[in-house]
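Since the structure comes first, as structure tokens, the remarks are kept for the end.
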Amino acid sequence: MANIKRSKRYRAAAKLVDATKAYSLRDAVKILAALPKTKFDETVGLSVKLGIDPKQSDQLLRGSFSLPKGLGRSKKVIVFAQGDKATEAREAGADEVGTDELIKKVEGGWLDFDVAIAHPALMGKVGKLGRVLGPQGKMPSPKSGTVTDAISLAVKEFKAGKVEFRNDDGGNLHVPMGKRSFAPEALVENMEAFLEHLRGLKPPSSKGAFLMRVVLSSTMSPGIRLAVGEV
């Protein structure tokens with residue numbers, strides 16, 4: 001395997017992280033804050049290796065969670081709704097709302113949004129967008145809270161920092177937790193809340209450790225392994 005050429009900044013950051021050690025959430029956040037910074041406000045996220053078999057449908061993980069301290073930016077949200085529900089979506093702050101025309105726009109390849117929400121009555125039409133939105137992880141789903149009758153609440157929550165998550169083919173999750181500019185306490189609170197929520201989602205058929213490996217990193221930083229008590 002070819003060696004990956006790392007930047008001078010990355011190599012300097014890697015020297016501050018002990019790759020053989022698992023850190024507490026608070027210590028990991030302190031180390032992250034001490035790493036050399038980039039010219040932009042990096043996104044901070046968690047990568048989680050789950051103790052699941054992704055080939056088993058009853059062990060697949062997908063959901064959404066409202067981070068207590070938000071994400072540090074407002075998400076771009078579109079809504080497939082009509083009538084009163086469309087009005088409700090606009091009043092809640094949706095960036096774009098519609099039915100047939102919006103479906104056609106997305107079907108044509110427009111993906112300039114973070115979250116798509118749909119009213120259940122329109123899923124018969126929205127369903128055909130699966131081939132476009134599925135690979136992007138943006139297809140509305142009841143499990144992620146993006147197919148709902150409570151349109152106003154969903155729009156407000158996702159605009160404020162509700163995150164969607166689902167495991168990849170390797171049984172991993174990659175979930176944003178905020179920005180490097182966040183106060184350390186805010187990042188810790190987001191991570192503690194999300195990991196507590198995640199522990200409660202362990203499938204009954206999953207045996208052994210559920211959170212097998214949890215790593216904290218920012219957009220351009222090396223990973224910092226976390227001690228989560230289940231490895």
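Read the figures in this text as sums done on the coordinates, not as results from a lab. Note that the coordinates shown come from a computational prediction; the quantities given were computed from them, not determined experimentally. Glycine gets a Cβ as well: all are built from the backbone with ideal geometry, and neighbour counts include every protein chain shown.
Order of 121-131, 214-224 by packing, highest average Cβ count within 10 Å first? Let's see the in-between values first.
Values: 121-131: 14.0, 214-224: 20.7.
Descending packing order for the listed peptides: 214-224, 121-131.
Past 31 Å, Cα to Cα, is the threshold; run K15/K179; K55/K105; K21/K207; K30/K55; K159/K202; K105/K156 against it and keep the listed order. As for pairs spanning more than 31 Å Cα to Cα, those are K55/K105; K30/K55.
Averaging sequence separations of C-alpha pairs under 8 Å and six or more residues apart, then dividing by the length of the range 77-160, give the relative contact order as a whole percent. Let's see the in-between values first.
Working: 117 pairs, mean separation 30.5, N = 84.
With pairs under 8 Å counted, the relative contact order is 36 percent.
Within the range 155-216, all pairs of alpha-carbon atoms sorted by distance into 10 Å bins from zero give the percentages 16, 49, 28, 6.
Measuring from a point 7 Å past the Cα of K15 along Cα-to-C-beta, which residues in the range 30-59 have an amide N at less than 12 Å? Residues 36 fall inside that zone. For Rg/Rh (Cα atoms, Kirkwood Rh), the value calculated from this model appears in (i) 0.93; (ii) 1.00; (iii) 1.03 under label (ii).
Ordering of 42-53, 12-23, 94-105 by packing is 42-53, 94-105, 12-23, highest average first (other Cβ atoms within 10 Å, averaged per residue).
Centre-to-centre separation between the Cα atoms of the range 44-70 and those of the range 114-147: 18 Å.
Aspartates and glutamates near K85 by alpha-carbon distance under 19 Å, same-chain residues fewer than 8 away left out - which ones? Filter leaves D95, E96, D100, E101, D149, E157. Contact order, relative form, for the range 61-119: 43 percent (alpha carbon pairs under 8 Å, 6 or more residues apart, mean separation divided by residue count). Simple point charges give the picture: +1 on the Cβ of Lys and Arg, -1 on the Cβ of Asp and Glu, and for the chain a dipole about the Cα centre of about 1120 debye. Axis angle, to the nearest 10 degrees, between helix 83-92 and the longest C-alpha principal axis of the chain: 30 degrees.
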